[in-house]
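The structure appears below as structure tokens.
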């Protein structure tokens, strides 16, 4: 009897949600996304954990409302079985804040790969900074797949992995922003380094205000 592959997934949340919103005018459906990654090969795979790395607004009075709204989003993700690591950002000039989760994502990916010993690791990001991580995991005898859209997939990361998963077809099935206002606001937010939010038929639907995550950068 052939055993199913054991799968670990690590997600750069801001990277993938921005790709869906900016390039496809789509809200992000996390449940459909998770199922797609598990079933993408058509082979049996057992998901051990799907870990999301999310930046939060700073803990300062001017960011308090947006942080509260973002935590509702994080709570919904956790309620759906995702393992979420959140990091509060640091204020920057011109209404920006920086929440760099790349380092902790890389550390976790190596530590959990060694501890859990999966057959496959999927890195959901297009960031070239994760190329060395892909090589490091492969040296543990674990297959590495990277998932993103071609527009944001760095060549260094793509060649470092065993396989590239193109998310274009999946993103086209996501729900479009409900109105021109939402899309215009989302595009404005993207230009300000905003994180996209999640919804979909089986997903948490944030309030209109909660879609305006001003100024986050990873």
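The values are calculated or read from the model by the stated rules, or taken from the named source; none is laboratory data. On a predicted model such as this, the values are computed, not experimentally measured, just so you know. So basically every Cβ, Gly included, is an ideal-geometry build from the backbone, and we count neighbours across all protein chains shown.
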I'm trying to understand the selection: among the residues of the range 98-136, which are more than 14 Å from the chain's Cα centre (by Cα) and within 17 Å of residue 154 (Cα to Cα)? 128, 129, 131, 132, 133, 134, 135
Looking only at the range 46-62, and only at residues there that are at pLDDT below 90, in contact with a strand residue (DSSP E or B) (Cβ under 7 Å, 6 or more places away or on another chain) and outside any loop (DSSP other than H, G, I, E, B), the one that is nearest to residue 9 (Cα to Cα): 55
Residue satisfying all of: in the range 8-26; more than 13 Å from the chain's Cα centre (by Cα) and surrounded by 23 or more Cβ atoms within 10 Å (Cβ to Cβ); nearest to residue 175 (Cα to Cα) among these: 26
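Determine whether residue 73 is at pLDDT 95 or above and either surrounded by 15 or more Cβ atoms within 10 Å (Cβ to Cβ) or out of contact with any helix residue (DSSP H, G or I) (no Cβ under 6 Å at 6 or more places or on another chain) (or both).
On the way: at pLDDT 95 or above: no; either surrounded by 15 or more Cβ atoms within 10 Å (Cβ to Cβ) or out of contact with any helix residue (DSSP H, G or I) (no Cβ under 6 Å at 6 or more places or on another chain) (or both): yes.
For residue 73, the condition - at pLDDT 95 or above and either surrounded by 15 or more Cβ atoms within 10 Å (Cβ to Cβ) or out of contact with any helix residue (DSSP H, G or I) (no Cβ under 6 Å at 6 or more places or on another chain) (or both) - is not met.
When you scan the range 139-157, how many residues do you find that are closer than 19 Å to residue 119 by Cα and surrounded by 16 or more Cβ atoms within 10 Å (Cβ to Cβ)?
Of the residues in that region, 6 qualify.
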Of all residues being surrounded by 16 or more Cβ atoms within 10 Å (Cβ to Cβ) and at pLDDT 95 or above in the range 97-109, which is nearest to residue 20 (Cα to Cα)? Just the residue, please. 105
